[in-house]
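The values are calculated or read from the model by the stated rules, or taken from the named source; none is laboratory data. The shown structure was predicted, so the numbers you read here are calculated from the model rather than taken from an experiment. Don't worry about glycine lacking a Cβ; one is built from the backbone with ideal geometry, like all the others, and counts go over all protein chains shown. To get the accessible areas, we keep the full protein, side chains included, count just its heavy atoms, and leave off ligands, DNA and RNA. Shrake-Rupley method; radii C 1.70, N 1.55, O 1.52, S 1.80 Å.
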Amino acid sequence: MPYDVPYVPSPEVVVRRMLQVSGVRPGEVVYDLGCGDGRIVVMAAKEFGARAVCVEIRNDLYEQTLRRIKELNLDNVVKVIHGNFFEVPIEDADVVTMYLLTSVNQMLRPKLERELRPGTRVVSHDFEVPGWKPILAEDVYEEWRSHKIYLFKIPGAEIPIPAQTQVSVPSEYSDIVKLLDGRRSIEEIAQKTGLTMRRVREIVNELEKLGVVKEVKVIK
Ligand SMILES: C[S@@+](CC[C@H](N)C(=O)[O-])C[C@H]1O[C@@H](n2cnc3c(N)ncnc32)[C@H](O)[C@@H]1O
């Protein structure tokens, strides 16, 4: 059973490296699946300026984490969910962190593939996701042992298709509008503009409402 994953906290140095290698940026949303005492979501919010969602099945850990988040005044940026991560929607994530077991990662894989958007980063402490090829595998040394960090990226692309009509748009969006050619993906536009994929998606949504973008094709 997935609930059998024991509570073993990731050391601080490992948590920091997980968030660094996944390139968490301010305003992005980090999900920790099985978040224990909340150390990953706390660091994501405090050191990386992220918003975060912490999902924990054990009542004692959930209560403890909820208290800690309130004490740290992070309750406006960190949501703590008491529940089973198999049943929690995760499509809003920019980054997913996990410290589980290979067998649990294997069971989670179909959910991750179904719900996460292309370009979402998944970072796992010590355990691979069977069948996925990591884009990075790194050893992190801590006092008495070494830890492995695996970084994955959800493949595919989201491609905004421009509408044929000429519509005037707010000037803040004009750089993005120039990049819409029906071939470039949201990830490529994010790279070119220096914005996060999340921000580009928000702007593309606005442009869809304004009639500048016809649709966003998702290729998985
Ligand atoms: C190894 S600990 C990792 C804690 C934290 N992510 C960290 O890295 O410090 C795994 C946690 O996952 C929780 N867990 C196990 N199965 C779960 C499930 N199905 N849904 C939510 N939490 C779960 C456990 O209670 C435990 O706190």
Quiz item: Which ³J(HN,Hα) values in Hz, rounded to whole numbers, follow from the phi angles of the stretch 7-24 under the Karplus curve 6.51 cos²θ - 1.76 cosθ + 1.60, where θ = phi - 60° and Gly and Pro get x?
Solution: 7, 9, x, 6, x, 3, 5, 6, 4, 4, 5, 4, 6, 5, 5, 7, x, 4
Quiz prompt | Cα centroid of the stretch 172-220 to Cα centroid of the stretch 113-128, whole Å | solution = 22 Å
Practice problem: Name the long-range amide H neighbours of V5: under 5 Å, sequence gap of 5 or more, or other chain; modelled H, no Pro or chain starts. | Solution: none
Quiz item: Per-residue HN-Hα couplings for the stretch 184-190, Karplus 6.51 cos²θ - 1.76 cosθ + 1.60 at θ = phi - 60°, whole Hz, x for Gly and Pro?
Solution: 5, 8, 4, 5, 5, 5, 4
Quiz item: Given H placed on each backbone N at 1.01 Å, which residues far from V53 in sequence or on other chains put an amide H within less than 5 Å of it?
Solution: V30, Y31, D32, K79
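For the stretch 49-148, which GluC sites (Glu not before Pro) are both in a DSSP coil and crowded by at most 16 other Cβ atoms within 10 Å? Show your work: numbers first, answer last.
Values: sites: E56, E63, E71, E87, E91, E113, E115, E128, E138, E142, E143; in loops: E91, E128, E143.
Those that pass, being in a loop and sparsely packed, are E91, E128, E143.
Taking loop as defined by DSSP and a crowding limit of 13 other beta carbons within 10 Å, which trypsin sites (Lys or Arg not before Pro) in the stretch 103-190 fit? Don't skip to the answer; put the middle values down first.
Details: sites: K111, R114, R121, R145, K148, K153, K178, R183, R184; in loops: R183, R184.
Here the trypsin sites (Lys or Arg not before Pro) that fit, given the DSSP loop and packing criteria, are R183.
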Quiz item: Can you give the helix-only mean residue ellipticity at 222 nm for the chain, where every DSSP H stretch with n ≥ 4 adds -39500 (n - 2.57) and the sum goes over all residues, rounded to the nearest 500 deg cm²/dmol?
Solution: -10000 deg cm²/dmol
Self-check item: Per residue accessible area of the stretch 103-220, 1.4 Å probe, in Å²
Solution: 56 Å²
Practice problem: List, in order, the whole-Hz ³J(HN,Hα) value for each residue of the stretch 202-210 obtained from phi through the Karplus relation with A = 6.51, B = -1.76, C = 1.60 and θ = phi - 60°; use x for Gly and Pro. | Solution: 4, 5, 4, 4, 4, 5, 5, 5, 7
Quiz item: V213's amide H: which non-local residues (gap 5+, or another chain) put their own amide H closer than 5 Å, with H modeled 1.01 Å from N in plane and none for Pro or chain starts?
Solution: A163, E208
Self-check item: Spin-label pair L179/V167, simplified geometry with 7 Å Cα→Cβ offset, distance in nm
Solution: 2.0 nm
Exercise. Decide, for the stretch 157-219, between rounded, prolate and oblate: order the square roots of the alpha carbon gyration tensor eigenvalues as a ≥ b ≥ c, take rounded if a/c falls under 1.5, and otherwise choose prolate if a/b is larger than b/c, else oblate.
Key: oblate
Quiz item: So how much slack lies between K214 and K111, counting 0.36 nm per residue of separation and subtracting their Cα-Cα distance, in nm?
Solution: 34.2 nm
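Beyond 21 Å, how much of the Cα-Cα pair distribution for the stretch 115-220 remains, as a whole percent? Provide the component values of the computation, followed by the final result.
Numbers: 2574 of 5565 pairs.
When all Cα pairs of the stretch 115-220 are counted, 46 percent exceed 21 Å.
Can you tell me what share of the DSSP beta bridges in the chain is antiparallel? A percent to the nearest 5 is fine.
Working: 18 of 36 bridges.
Antiparallel bridges make up about 50 percent of those DSSP assigns within the chain.
Which percent of the accessible heavy-atom area of the stretch 138-220 goes to carbon and sulfur, probe 1.4 angstrom?
Numbers: 2410 of 5000 Å².
So the carbon and sulfur contribution to the accessible surface is 48 percent.
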